[in-house]
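Participant: Starting off with a structure, shown below.
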Amino acid sequence: MNWNNLKSLLTLLLALLLDGIGVTLLFPVLNDVLLIPQESILPPEVTTHTRYFIYALILGVFYICWFFGTAIISDLSDDLGRRKT
């Protein structure tokens with residue numbers, strides 16, 4: 001394996017690592033910010049059911065945006081120079 005291939009592989013792995021870290025940081029932070037009444041940004045009067053609903057809604061919106069954002073970014077990438085597959 002030559003140096004250019006190794007450098008490209010390491011860059012790809014670094015991008016995947018940063019992506020994985022970003023996604024895995026979302027869950028514990030949202031858990032503390034929304035579900036624990038003493039530390040929450042929501043008022044203490046909000047019921048546990050409502051807290052879990054908001055938590056699930058935020059996670060659902062995150063993954064829906066991720067799903068559609070991937071298609072948008074890949075179309076932009078194709079238009080800006082990558083060959084169509």
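Participant: Taking a 1.4 Å probe, which of TRP3, TRP66 shows the most accessible area, and what order do the others take after it?
Facilitator: Sorted by accessible area, descending: TRP3, TRP66.
Participant: Nearest 10 degrees is fine. How inclined is helix 3-30 to the longest principal axis of the chain, computing both from alpha carbons?
Facilitator: It works out to around 10 degrees.
Participant: To continue, here is another question. How much solvent-accessible surface does LEU12 expose, in Å² to the nearest 10, with a 1.4 Å probe and all protein chains in place?
Facilitator: 100
Participant: Can you work out ³J(HN,Hα) from phi for every residue in region 46-51, in order, using Karplus 6.51 cos²θ - 1.76 cosθ + 1.60 and θ = phi - 60°, giving whole Hz and x for Gly and Pro?
Facilitator: In residue order, the calculated couplings are 5, 6, 4, 4, 5, 4 Hz.
Participant: Something else about it: Taking one equal scatterer on every alpha-carbon of the chain, how large is log10 of I(q)/I(0) by Debye at q = 0.15, 0.16, 0.23 1/Å?
Facilitator: The Cα Debye sum returns log10 ratios of -0.77, -0.82, -1.12.
Participant: Still on this model: Ignoring ligands and nucleic acids, what accessible area does PHE62 show with a 1.4 Å probe (Å², nearest 10)?
Facilitator: Roll a 1.4 Å probe over it and PHE62 shows about 70 Å².
Participant: Let me have the relative contact order for region 13-66, percent, based on Cα pairs under 8 Å that are six or more residues apart.
Facilitator: It comes to 24 percent, rounded to a whole number.
Participant: Which FRET efficiency value, to the nearest 0.05, is calculated for ASP75 and ALA15 with the Förster distance at 22 angstrom and r the Cβ-Cβ distance?
Facilitator: The calculated FRET efficiency here is 0.70.
Participant: Keeping every protein chain present and rolling a 1.4 Å probe, give me the accessible area per residue for the chain in Å².
Facilitator: Per-residue accessible area for the chain comes out at 83 Å².
The values are calculated or read from the model by the stated rules, or taken from the named source; none is laboratory data. Just so you know, these numbers come straight off a predicted model, no measurement behind them. Every residue, glycine as well, gets a Cβ built from its backbone with ideal geometry; the counts of neighbours run over all protein chains shown. Ligands, DNA and RNA are excluded from the accessible area calculation, which covers all protein heavy atoms including side chains. Shrake-Rupley method; radii C 1.70, N 1.55, O 1.52, S 1.80 Å.
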